[in-house]
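Novice: Dropping a structure here in structure tokens format, bear with me for questions.
The values are calculated or read from the model by the stated rules, or taken from the named source; none is laboratory data. Just so we're clear, the structure is a prediction, and the values are computed from it rather than from any experiment. Every residue, glycine among them, receives a Cβ derived from its backbone with ideal geometry; neighbour counts consider all protein chains shown. The protein model used for the area step is the full one, side chains on, heavy atoms only, and it has no ligands, DNA or RNA in it. Shrake-Rupley method; radii C 1.70, N 1.55, O 1.52, S 1.80 Å.
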Amino acid sequence: MYELCPETPEDTPEVEAFLDLCFAPGRTALSSYRLRDGVPAVSALCLVLRDASGVLLGSIRYWPVRVGGRPVLLLGPVAVHPTTQGEGLGGLLMQESLSRAGALGWARVMLVGDLPYYRRFGFWKLDGVEMPPPTNPDRVLGLELVEGAWQGVTGAVTRETGGDVAAGLAEMRRDPPKSQTCVEIESEPAHPAHKG
């Protein structure tokens, strides 16, 4: 059995150590971290996955950014404990968090990653969207949670500077549903189907 819950401030030190384990401490030198510095994460979408004994097995986080002045979710990092990789836990984190993002009214998501892995969730290479250097443009990927949401959205990826991020997102629903809290998963997570 697994439990998937929103990350709390009490979880944060453990999650940071977990990310260091999964990615090495130099991870914060990546260009995507410059977009996150001083910007609150989208807390309703930052999730932790624990086993029945409370051991942290996975984590996913999201930050708000802008592309061409339009609101975009920046997904990452997503991490799974090295001893449980290949068991579908990363897919579980992706599917649940993207479902919640859609329910909250977000229209588009981006990440920096490997297309062969993220294609199964519907991501594709974004053209005309520029991450801060030295990001490889072939690794800049996008996903539409609303059909056509990436049409005409190009330019540099910039930090979200609005004081109240949620209030500043014109494309968010006026009364988004309350985010789900914890969910229990009793069986092994299913591997996501490849969407071509």
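Novice: Taking region 57-70 only, how many residues are open to solvent by 10 Å² or more (accessible area, probe 1.4 Å) and in contact with a Phe, Trp or Tyr (Cβ under 8 Å, 6 or more places away or on another chain)?
Specialist: 1
Novice: Here is a follow-up. Scan 71, 77, 9 and give me the residue that is farther than 20 Å from residue 183 by Cβ and either touching a Cys at 6+ places or on another chain (Cβ under 7 Å) or assigned to a loop (DSSP other than H, G, I, E, B) (or both).
Specialist: So the residue among 71, 77, 9 that is farther than 20 Å from residue 183 by Cβ and either touching a Cys at 6+ places or on another chain (Cβ under 7 Å) or assigned to a loop (DSSP other than H, G, I, E, B) (or both) is 9.
Novice: I would also like to ask the following. Can you go through 73, 93, 57 and tell me which one is within 17 Å of residue 146 (Cβ to Cβ) and not β-branched (Val, Ile, Thr)?
Specialist: Matching residue, one of 73, 93, 57: 73.
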